[in-house]
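Here is the structure we will look at.
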Amino acid sequence: MTLIDGKTVAAAVKDRIAEEVKENGYTPGLAVIIVGNDPASRVYVNNKKKACEYCGFHSEEYALAENTTQGELIALIEKLNCDEKIDGILCQLPLPKHLDEKAVIEAISPAKDVDAFCEADVGKVMIGNYTFSPCTPAGVMELLKFYNIDVSGKNAVVIGRSNIVGKPMAMLLLHANATVTICHSKTQNLKEICRGADIVVSAVGRIGAVTADMVKEGAVVIDVGINRNAEGKLQGDVDFENVKEKASFITPVPGGVGPMTIAVLMQNTLKAYKSNKKIK
Ligand code: NAD
């Protein structure tokens, strides 16, 4: 069994970005908006800020109060849409219940939508012609590539069908010529379907969603899930201790897919900068 080391692969991606930025004197700028006091969101935003520093990007954080109105949030996004120092804008989700997430995402200029969450970007992933990569799925593909895991012709099962993880994940695997099955909360006989998979990607958000009896000997197991266990520690969807005995490759949580999501976000921000500044 090989443990897939997302931290190392993400560092290699960020090193390449940092080098390009330094060599060319680029100044990509990322604005991160966080509304309210969700502790998990706070951690993600801090990690994104750290990644910006590492890559030599300019970063701005907008920490808004829980009771921020839709109008105030949209006004901030519109200001950032016109700000030349800012190439990428992301609004950390989830937002407090009174805010309309969809409208907020759609307010971000497509040229600055580095999370690739807007409808147009999600749609382009389906066609396979996109500028900004869906961060988490593209991070998974980078991991597979780094470990020379050939996807073509393999049976891949994606568990989860969200617009930001499950669906784009399935599309990227399909573009790489895998035979893809998408499973979800209403799927019957999930265990049998997973047992036929050469590659399993779990994006459910529930501890124990993937157990050893669901995994074929020698399968590649990618755990996107981020959950908190009873001790408050981060844990994935996969029963890691037992599944690792059967898998050929497996990602840990933390230290697997998470760091790759941020590395791809940095790639997208650099892409946005080059496109906004018309650099080839
Ligand atoms: P979501 O809640 O939008 O989607 C969860 C999906 O799981 C749904 O499509 C649902 O149908 C499916 N599901 C639920 N119960 C199931 C069951 N019993 N069997 C099969 N499928 C079931 O969540 P999301 O935004 O797609 O995120 C999924 C997980 O990935 C979460 O834990 C989230 O925190 C994590 N995540 C991690 C990263 C990262 O960088 N590692 C990025 C984004 C999300």
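The values are calculated or read from the model by the stated rules, or taken from the named source; none is laboratory data. These numbers come from a predicted model, not from an experiment. Note: ideal-geometry Cβ built from the backbone for every residue, glycine included; neighbour counts use all protein chains shown. Accessible surface is based on the protein model in full, side chains and every heavy atom, while ligands, DNA and RNA are left aside. Shrake-Rupley method; radii C 1.70, N 1.55, O 1.52, S 1.80 Å.
Structure above, values below:
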{"quantity": "At 0.692 mPa s and 37 °C, Stokes diffusion of the range 101-165 via Kirkwood alpha-carbon radius, µm² per second", "calculated": "247"}
{"quantity": "By accessible area with a 1.4 Å probe, ligands and nucleic acids excluded, highest first: order of Asp38, Asp237", "calculated": "Asp38, Asp237"}
{"quantity": "Distance violations [Cα-Cα > 23 Å] among Lys154/Lys244; Lys154/Lys271; Lys48/Lys79", "calculated": "Lys154/Lys271"}
{"quantity": "Carbon plus sulfur fraction of accessible area for the chain, probe 1.4 Å, in percent", "calculated": "53"}
{"quantity": "Ranked order, Glu217, Glu142 - accessible area, probe 1.4 Å, largest first", "calculated": "Glu217, Glu142"}
{"quantity": "Accessible area per residue, Å², the range 9-139 with all protein chains present, probe 1.4 Å", "calculated": "48"}
{"quantity": "Projected area averaged over orientations for the range 1-69, convex hull of C-alpha atoms, nm²", "calculated": "6.1"}
{"quantity": "Rg and Dmax [Cα atoms of the chain; Å; Rg one decimal, Dmax integer]", "calculated": "18.7, 54"}
{"quantity": "DSSP beta bridge pairing in the chain, given as percent antiparallel to the nearest 5", "calculated": "5"}
{"quantity": "Relative frequency of Cα-Cα separations exceeding 26 Å in the range 90-242, percent", "calculated": "29"}
{"quantity": "Distant alpha-carbon pairs in the range 195-268 (separation over 21 angstrom), percent", "calculated": "25"}
{"quantity": "Lys, Arg +1 and Asp, Glu -1 on Cβ, resulting dipole of the range 144-223 about Cα centre, debye, nearest 20", "calculated": "260"}
{"quantity": "Computed magnitude of the charge dipole of the chain (debye, nearest 20; Cβ of K, R +1, Cβ of D, E -1)", "calculated": "360"}
{"quantity": "Accessible surface, the range 177-280, averaged per residue in Å² (probe 1.4 Å)", "calculated": "47"}
{"quantity": "Over 13 Å [Cα-Cα, the range 158-200], rounded percent", "calculated": "51"}
{"quantity": "Cα gyration tensor category, rounded, prolate or oblate, for the range 1-137 with a/c compared to 1.5", "calculated": "rounded"}
{"quantity": "Kirkwood Rh, angstrom, the range 84-134 [1 / mean 1/r, Cα pairs]", "calculated": "11.6"}
{"quantity": "Leu3 - accessible surface, heavy atoms, 1.4 Å probe, Å² rounded to 10", "calculated": "90"}
{"quantity": "Protection proxy ranking, peptides 195-205, 77-87, 94-104, average beta carbon neighbours within 10 Å, highest first", "calculated": "195-205, 77-87, 94-104"}
{"quantity": "Translational diffusion of the range 59-101, µm² s⁻¹ [Kirkwood Rh, Cα pairs; Stokes-Einstein; 37 °C; 0.692 mPa s]", "calculated": "291"}
{"quantity": "Solvent-accessible surface (1.4 angstrom probe) belonging to Ile127, in square angstrom, nearest 10", "calculated": "140"}
